[in-house]
Amino acid sequence: MEADISKKTTTPDDSFREGIVIRSTAGHLQVSLGSIIWRCKMRGRLKKGPRVSQTLAVVGDRVRFSVLDEAADPPTGVVEEVLPRRNRISRMAARRSGGNVEQVLMANLDQVVAVQSVMEPAPQTGFVDRLLVAAERFGVDGILVLNKWDLVSEQHDRDKWEYFEKLGYQVLFTSAESGQGVEDFRQMLKDRISLLIGASGVGKSTLLNAIQPELGLRVNEVTGKTGLGRHTTTRTELFPLDTGGFIADSPGIRGFDPWDIDPLEVRDYFPDFLEGQSECRFRTCMHRDEPACGVKKLVARKIIPGWRHAAYLALLGDLEERKKKLGYR
Ligand SMILES: Nc1nc2c(ncn2[C@@H]2O[C@H](COP(=O)(O)OP(=O)(O)O)[C@@H](O)[C@H]2O)c(=O)[nH]1
Ligand SMILES: [Mg+2]
Ligand SMILES: [Zn+2]
């Protein structure tokens, strides 16, 4: 697309540009191209069909747009095409009219970062497990950040998080307050496209502020201005990092129901189950009530912690119930 970008526009509409959606609000997209941010509308025909416009182009999407007014401030354009996604992170969201719908939080990302705090608020049971299932499902790296480490002693409940580390996920123990782990946090985001996910109050904005002050301020400003920003889950915005890369700070997400995972598939997204799974008597074993279950044997031997198996069973139960009720897919 280099040729298109450098080509001089003489009349509107005579060339396409390609950029990344950094913000999507009702009716408009902000599209980043180099250091310029374009304000774009969606071509009407793209909005037809079963998909809602929010899903049509989300933060991280690469779009091709035609120029409306390059001299305007900001310059304006019309999105003609949303380019195929390399990946995405989606969750199940309730539709106002009833039923459920896929909510794409972000497209084309390198990693999804689950942020929790050790206290105030306490970690949410099952949140990390569910998010990592989604990361495995969509082919995105999963990273954990446990913040507010200054509020507890060094050894506080560390085993659970170190277990995820053993599974191969990167885990950071941070304190935006004391500065612990902040440099690691910066390095982890460097040159990558990341999505931060966590409940409101865990310290996402403060951590961002610690690595790039003006970024943190902007994040706060965005959530402050709308008044409801903190609890709307639909507004995710992408910010460029000084170190290279982009970060999206999603406003406080409480629960995370991964989209498009069949109950029968969930077990495959728990990498710690694979070894035991090969020992199950039944190939279709769901590691629940079946006899001679290799996974439950590992749980009994405490090689797989009980809480991890419980998180699996809870997610499995939710997905089965939903499938029965909605018959999705
Ligand atoms: N003690 C302590 N407080 C923190 C830390 N990080 C953030 N906070 C506080 O937690 C509250 C929520 O932080 P904020 O960044 O707005 O959370 P967000 O909703 O995830 O963006 C604020 O009062 C912060 O000052 C930390 O590492 N230690
Ligand atoms: Mg925030
Ligand atoms: Zn089994």
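Here the simple spin-label model places points 7 Å from the Cα toward Cβ, and for D268 and D289 these points are separated by 2.5 nm. Each listed q (0.20, 0.21 Å⁻¹) maps to a log10 I(q)/I(0) for region 88-249 from the Debye sum over equal C-alpha point scatterers, namely -1.48, -1.62.
Taken along the Cα-to-beta-carbon direction at a fixed 7 Å, the label points for K323 and L167 span 2.0 nm. Here is the short version for the chain: C40, C293 have no other Cys C-beta closer than 4.7 Å. Projecting the Cα atoms of L29, S278, L56 onto the charge dipole of the chain (Cβ charges, centred on the Cα centre) puts L56 farthest toward the positive pole. The H on the amide N of E81, modeled in the peptide plane, is under 5 Å from the matching H of R64, each at least 5 residues off or on a different chain. The accessible-area ordering, largest first, of the residues W307, W161, W259 stands as W307, W259, W161, per a 1.4 angstrom probe.
The stretch between K160 and E183, if pulled fully straight at 0.36 nm per residue, gains 6.0 nm over its current Cα-Cα span.
Is the shape of region 263-326 best called rounded, prolate or oblate, per the rule: a/c under 1.5 gives rounded, else a/b larger than b/c gives prolate, else oblate, with a ≥ b ≥ c the square roots of the Cα gyration tensor eigenvalues? In terms of gyration-tensor shape, prolate. For a 26 Å ceiling on Cα separation, which of these pairs sit above it: K148/K296; K160/K325; K166/K302? Pairs exceeding the cut-off: K148/K296; K160/K325.
When the solvent-accessible surface of protein heavy atoms is calculated with a 1.4 angstrom probe, in what order do I211, I247 fall, highest first?
Numbers: I211 20, I247 0 Å².
These residues rank, largest area first, as I211, I247.
The DSSP beta bridges internal to the chain are antiparallel in roughly 60% of cases.
For the chain, the alpha carbon positions stretch 72, 48, 37 Å along the principal axes, listed from largest to smallest.
List the trypsin sites (Lys or Arg not before Pro) within region 261-297 that fall in a DSSP loop (any state other than H, G, I, E or B) and whose Cβ has at most 12 other Cβ atoms within 10 Å. Answer in residue order: R281, R283.
The values are calculated or read from the model by the stated rules, or taken from the named source; none is laboratory data. Computed from a prediction, not measured in an experiment: that's the story for all the values here. With ideal geometry, Cβ positions are generated from the backbone for all residues, glycine too; neighbour counts draw on all protein chains shown. Side chains are part of the model used for accessible areas, which takes the heavy atoms of the whole protein and leaves out ligands, DNA and RNA. Shrake-Rupley method; radii C 1.70, N 1.55, O 1.52, S 1.80 Å.
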